[in-house]
Amino acid sequence: MKNSGQRDLMHAVPFARRYARALTGTQAEGDALVAAVLGADLPDMAPQLALYAAVTRAAPTPRDTTNLSARQRQLLLLTALENLSLAEVALVIGIGAEEAGFELEVARSALRAVSATDVIVIEDEPVTAMDIRRVVESCGHR
């Protein structure tokens, strides 16, 4: 690998570590995952995307702690945590952009459904109570 390629790869390691830690749920497992993929052949793409792709492919199947599939978790983490575009995420995961967009929307909807809760507003002043209700509803709660 050329020096500039190695430099780009080393620059991408902290980002891959952050993603791997979020994906595995622990620092030790995430760092071990990145160390393992650094010794393997990386996909032919930009160094940072190649590391993300290698980590994604090598990641263990997550413990079922949510109602999200592994792919949906990966999509959410890569877009929200790593700030990748939908096209980049599709390339990293190895699916089409349309499928990635659909899966991402399904994942976001599932998260909204899980995070919504019922709220009781107790306020003597009707106008203030209406304002509080509006704020609560704008946050996705009922």
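Only the coordinates and a few stated rules stand behind these numbers; no lab work does. What you see is a predicted model, and the numbers here were worked out from it, not measured in a lab. Glycine also receives a Cβ, built like all others from the backbone with ideal geometry; neighbour counts cover every protein chain displayed.
Numerical summary
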quantity: Enumeration of residues in region 11-37 that are closer than 25 Å to residue 87 by Cβ and more than 16 Å from the chain's Cα centre (by Cα); calculated: 11, 12, 13, 33, 34, 37
quantity: Cross-chain or 6+ apart pairs with Cβ under 7 Å, region 70-82 first and among the hydroxyl-bearing types (Ser, Thr, Tyr), then crowded, with 18+ Cβ neighbours inside 10 Å; calculated: 79/89; 79/104
quantity: When residues of region 33-57 are limited to those that are within 14 Å of residue 94 (Cβ to Cβ) and not aliphatic (A, V, I, L, M), the one surrounded by the fewest Cβ atoms within 10 Å (Cβ to Cβ); calculated: 44
quantity: Residue check for residue 18: in contact (Cβ under 8 Å) with a residue 12 or more places away in the chain and either assigned to a helix (DSSP H, G or I) or crowded, with 19+ Cβ neighbours inside 10 Å (or both); calculated: yes
quantity: Helices (runs of 4 or more DSSP H) enclosed by region 58-142 - at least 2 residues per element that are surrounded by fewer than 11 Cβ atoms within 10 Å (Cβ to Cβ) and either of a type in the set (A, V, I, L, M) or at negative phi (or both); calculated: 97-115, 126-138
